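K.L.:
Mind looking over this structure? Questions follow.
Bear in mind these aren't lab numbers, they're just calculated from the coordinates by the rules spelled out. Owing to the predicted nature of the structure, the values given are computational and were not obtained by experimental measurement. A quick note on method: Cβ atoms are made from the backbone with ideal geometry, for glycine too, and the neighbour counts reach across all protein chains shown.
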Amino acid sequence: MKNLFRLTESIKLSRDFKILCLYQTIVALADGMVGLFLPIFLFERFHQSIRLVIIFYAFGYLLYAFLVPFGAILMNKIGLEKSILLGRFFILPFYVSLYFLKTNPLLFAIFASLFLLLFRLFYWVPYHADFISFTEGKYRGRQMAYLAVLGYIVGVGAPLLAGFLLSGFSFEFVFSLVIIIMAISLIPLKKINDTRAKFEFSYCQTFKELFKKQNRQSALAYLADGGQNMIGVVVWPLFIYQILEKQYLAMGAIAALITIGTILFQLLIGSYTDKYSKKKLLKIGSFFYALGWLAKSLIETVFQVFIIGTFHSFVSIILRTPLDALTYERISCRDSYVEESTVLREISINTGYFLMGMILLFLVGLVGLRSAFLIAAFCSLLVNKV
């Protein structure tokens, strides 16, 4: 334990980064309450149609991939922090739309998709740009680890609380609490220093840059990352929902137990990311993360959900921490093209989400959900090509 604390010494945290940590801690509570259960909620409201759930997610990601350059152009006019604040505001009517989804699924699903799109357009590019400016290259792995650990600490109780509330109340009740928490998260965002953005590409130029030879390999890696994330976000919750036979509290408890074990491991990998080759760690992480996906395709019992879920959560840290640190490091090295590089990354990742959604629509009726984990394993191996 002493060695672990030594890993966290002498890290300088800027004022804005500390505010970002406070903000992310509040958001982690809300996200932890709905993240695992949102696909299940949509599955139930869409009359247990997995295809409709996939379509809801996939086409939302596609629209964002095509429109993200417009969001960056608007960001130029209002500044980074105002854009982040506006984007986060749009998440409130998104949850309000979900609250009323039961009354008219089609109408409020369209509203929810629209507000989620606005959130993404105004939020993600300036958020990543701010994160790069708030962190230092030689400490970035550990700073990212601290931010993740804060989310994990809150995340220990959030899914358990949501599972308990869903067992006794309803999704609508949980959404009411999430709306309140998300509204509170807007308060620290107002404290972050505002800066002007400088996205210099036109809409057409953005896509020309994406397909340039020097950007193709990284675009493929992020495309694969988006593909495997689509399976993690949509398929995995629905899969364990079927294994656990609609036991919300059990799902929340397993998610909480898995999270506990990842906290100290995240700090350790964050330190190693700063000290050792990010590319080597990424290759190790992608290999074991692929093995985790293969293991998930063999799950039959609740115990296996816990054991394999815990293993996959651990190795995801070995994959995700160096991947994100390497991404931010490369973007920051381009200096005047931070926003432009971020937009290209967002387009690639979200296109990956959409393409995987299209593959899932074909596979679900043909061979079932388990086959998706095999495809995710292949995508994990491609991620190290970044």
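K.L.:
Can you flag which of 82/190; 198/385; 280/385; 208/385; 212/280 are past 19 Å Cα-Cα? Each step should come with its number before you reach the end.
P.N.:
On the way: 82/190 8 Å; 198/385 28 Å; 280/385 11 Å; 208/385 21 Å; 212/280 26 Å.
The answer is 198/385; 208/385; 212/280.
K.L.:
Based on other C-beta atoms within 10 Å, arrange 57, 289 from fewest to most.
P.N.:
Listing 57, 289 from fewest to most nearby Cβ atoms yields 57, 289.
K.L.:
Taking 0.36 nm per intervening residue step and subtracting the Cα-Cα distance, what contour gain separates residue 370 from residue 173 on full extension?
P.N.:
Here the answer is 67.7 nm.
K.L.:
If you rank 316, 202 by fewest surrounding Cβ atoms within 10 Å, what's the result?
P.N.:
Ranking 316, 202 by Cβ neighbours within 10 Å, fewest first, gives 202, 316.
K.L.:
Sort 351, 310 so that the residue with the fewest other Cβ atoms within 10 Å of its own Cβ comes first and the one with the most comes last.
P.N.:
Placing the least packed residue first, the sequence is 310, 351.
K.L.:
Round to the nearest 0.05 the FRET efficiency obtained for residue 211 and residue 301 when R0 = 35 Å and r is the Cβ-Cβ distance.
P.N.:
Efficiency, from the Cβ-Cβ distance: 0.15.
K.L.:
If you don't mind, another one. For the pair residue 74 and residue 104, how long in nm is the line joining their label points, each one 7 Å along Cα→Cβ?
P.N.:
Rounded to a tenth, the inter-label distance reads 2.4 nm.
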